[in-house]
Amino acid sequence: MKSASEYQKVCVIGLGYIGLPTASLLATKGFEVVGVDISQKVVNTINQGEIHIVEPDLDILVKSAVHSGNLSASLEPCEADVFIIAVPTPFKDGGPDHISGKKPDLSYIDSATKKISPYIKAGDLVILESTSPVGTTDEVVAKILKQAGHAIGENVFVSHCPERVLPGRILIELVENDRVVGGINEESTKVTVNFYERFVRGAVLATTAKTAEMVKLTENSSRDVQIAFANELSMICETENIDTWEVIELANRHPRVNILNPGPGVGGHCIAVDPWFIVDRSPEVSKLIRTAREVNDAKPEWVINRVVHCANKFKDPIIACLGLAFKADVDDLRESPAYNIAKEIQRKEIGRLIVCEPNLDDHCEFDLYELDDVIEQADIILLLVDHKIFNRCKASDLREKLVIDTRGIIR
Ligand code: SAJ
């Protein structure tokens, strides 16, 4: 085994929301880093010291990492001491299977592993950071490398260290959060813990690869189940004509109750995806996790039905959508329930739609308006995202309007 300081050159596969911040952080900490991506455009952008994703302060970090000479991007991997795989793990196309739910697509991990294999030599460390179904580190990554003739676990080390950073706070949480490290054997775990301890301020906690995989899926499933509880509660309160947010606020005054916030559904690439990785492997015993997914996935349709109900009270209603992003104060529309609801209102021609998304300058499908303009024009105000700027909306100023507030911020 090499000494910790000999793990100095790092090859990061996948330069997205996790790979790029990780690569640039390592470069600014003095590691020599080559970032690899399948997109020539992404590679060119990074080599010019620019970025292709939006995340606070990432532009400054990438610029300084590239200018220091420690970070470069390439279409091809190269020899390194550490290989970090940070590629997407989406679903396979097609709807949920009635028994095992949606199926994970591990093809990106598969091809990333095959791509780095020719560059791996004795003493190297391979880390899978992508959120993965239990067993992937062993059954996909280690297996492919073993088949290629590497002495896995003996002189080539393989571990899982799941990313756990929150979009919007990635650069802070990359350093401050505790990390969970699980190797395919004890040696792998030890080498990987030593590596992360060189740049993480949080604790680096050692376990097995399978446990580390399950920990990550558990974190996001736990949040999904809790949000589903809040979403179900909001639908129950609506039928009883009770203010959900008052119920939650008062219930949360109990010392052992902490209910999360309802919304128009759960978006993003993580919480709405990862629980299916558990359901897919253990469908018979993951009924609650599956039901939570279904409750959260059904919430946008419930919101649309409420809009239809309100719109029926007008001849040609003007409907103002406040927010398109998947959550507060980001510009990310990936898997956004707000965006999907807006599209559906437009498709169904429920009324004339006007949209305010303060974190975007423009959008190819919607004309975007200032907050004051949409409020003035609208008959129905549909608040979909709790962006800070929407806190300005006061119930007392909106008495003439019909308000559907899916986030409970208009008081
Ligand atoms: N949401 C609610 N009510 C809430 C909290 C969130 O409706 O009370 C909604 C949001 O509006 C959004 C979705 O849930 O649509 C997810 O947002 P989020 O802020 O809960 O989480 P993400 O997807 O941005 O990031 C999560 C984080 N996981 C946990 O907090 C357990 C992050 O730490 C992970 O690294 C990330 O998933 C990931 O990449 O897996």
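The values are calculated or read from the model by the stated rules, or taken from the named source; none is laboratory data. Predicted model only: the values in this text are computed from it and were never measured. All Cβ positions, glycine included, derive from the backbone under ideal geometry; neighbour counts span all protein chains shown. Please note that ligands, DNA and RNA were not included when accessible areas were found on the heavy atoms of the full protein model with its side chains. Shrake-Rupley method; radii C 1.70, N 1.55, O 1.52, S 1.80 Å.
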*Could you give every pair whose Cβ atoms fall below 9 Å, whose first residue belongs to region 219-239 and is touching a residue at least 12 places away in the same chain (Cβ under 8 Å), and whose second residue is more than 10 Å from the ligand (Cβ to nearest atom) and of a type in the set (Asp, Glu), counting only separations of at least 6 or pairs across chains?*
228/294
*Any residue in region 40-52 that is of a type outside the set (Val, Ile, Thr), modelled with pLDDT under 95, open to solvent by 10 Å² or more (accessible area, probe 1.4 Å) and assigned by TED's automatic domain parsing to the domain that holds residue 161?*
yes
*Listed residues 61, 71, 75, 26; which is at negative phi, in contact (Cβ under 8 Å) with a residue 12 or more places away in the chain and touching a Pro at 6+ places or on another chain (Cβ under 8 Å)?*
61
*asked:* What's the number of the only condition in (1) more than 12 Å from the ligand (Cβ to nearest atom); (2) under 18 Å from residue 86 (Cα atoms) that residue 163 fails to meet?
replied: (1)
*Among (1) within 13 Å of the ligand (Cβ to nearest atom); (2) over 18 Å from the mean Cα position of the chain (by Cα), which single condition is residue 243 missing?*
(1)
*State the number of residues belonging to region 328-340 that are in a loop (DSSP other than H, G, I, E, B), within 12 Å of the ligand (Cβ to nearest atom) and open to solvent by less than 50 Å² (accessible area, probe 1.4 Å).*
5
*Pick out the one residue from 397, 373 that is assigned to a helix (DSSP H, G or I) and in contact with a helix residue (DSSP H, G or I) (Cβ under 9 Å, 6 or more places away or on another chain).*
397
*For the subset of region 290-312 comprising residues that are within 18 Å of residue 379 (Cβ to Cβ) and touching a residue at least 12 places away in the same chain (Cβ under 8 Å), which member is nearest to the ligand (Cβ to nearest atom)?*
303
*Return a yes/no flag: does region 120-130 have any residue that is of a type in the set (S, T, N, Q) and buried (at least 23 other Cβ atoms within 10 Å of the Cβ).*
yes
*Which one of the conditions (1) assigned by TED's automatic domain parsing to the domain that holds residue 137; (2) near the ligand (Cβ under 9 Å from one of its atoms); (3) crowded, with 16+ Cβ neighbours inside 10 Å does residue 169 fail to meet, given that it meets all the rest?*
(3)
*What single numbered condition from (1) within 23 Å of the chain's Cα centre (by Cα); (2) more than 22 Å from residue 166 (Cα to Cα); (3) away from the ligand (no atom under 16 Å from the Cβ) fails to hold for residue 136?*
(3)
*asked:* Take residue 191 and tell me if it is buried (at least 22 other Cβ atoms within 10 Å of the Cβ), aliphatic (A, V, I, L, M) and farther than 25 Å from residue 273 by Cα.
replied: yes
*List the number of the failed condition for residue 343; all other conditions in (1) open to solvent by less than 50 Å² (accessible area, probe 1.4 Å); (2) outside any loop (DSSP other than H, G, I, E, B) hold.*
(1)
_Filtered residue count, region 22-54, keeping only those that are in a helix (DSSP H, G or I) and among the aliphatic types (A, V, I, L, M)_ = 7
*Identify all residues within region 381-394 that are within 24 Å of residue 296 (Cβ to Cβ) and either open to solvent by less than 50 Å² (accessible area, probe 1.4 Å) or in a helix (DSSP H, G or I) (or both); write none if there are none.*
381, 382, 383, 384, 385, 387, 388, 390
*Selection count where residues are within 11 Å of the ligand (Cβ to nearest atom) and either free of Cβ contacts under 8 Å to residues at least 12 places away in the same chain or open to solvent by 30 Å² or more (accessible area, probe 1.4 Å) (or both), scope region 313-327*: 1
